[in-house]
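One structure below.
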Amino acid sequence: MTRKNPKTFEEQLKRLDEIVETLDSTEIPLDKQLLQFEEGMELVSSLREFLNNAEQKVVEITRRSRSNIEEN
């Protein structure tokens, strides 16, 4: 289940870093670890989707640019 996160890419990445750091460096109860892990996985999914969309956009812009150059 992926929730749409309205935060910017950078904010989401920062939050993911915070979660990873917390899970790596502190001893927190398992139930809280699971909640943070779940949030982290949702962030990973959201960030991956953002990057995939950005890549598609770059490919499309490059394709259009090449097409315009070839026409001229």
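The values are calculated or read from the model by the stated rules, or taken from the named source; none is laboratory data. What you see is a predicted model, and the numbers here were worked out from it, not measured in a lab. Cβ: placed from backbone, ideal geometry, glycine included. Neighbour counts: every protein chain shown.
What to note about this one:
- Subset of segment 24-55 (residues that are assigned to a helix (DSSP H, G or I), at pLDDT below 95 and of a type in the set (A, V, I, L, M)): Leu30
- Given (1) surrounded by 11 or more Cβ atoms within 10 Å (Cβ to Cβ); (2) modelled with pLDDT under 95, number of the condition Ser67 does not satisfy: (1)
- Within segment 40-51, none of the residues are over 14 Å from the mean Cα position of the chain (by Cα) and either free of Cβ contacts under 8 Å to residues at least 60 places away in the same chain or surrounded by 12 or more Cβ atoms within 10 Å (Cβ to Cβ) (or both).
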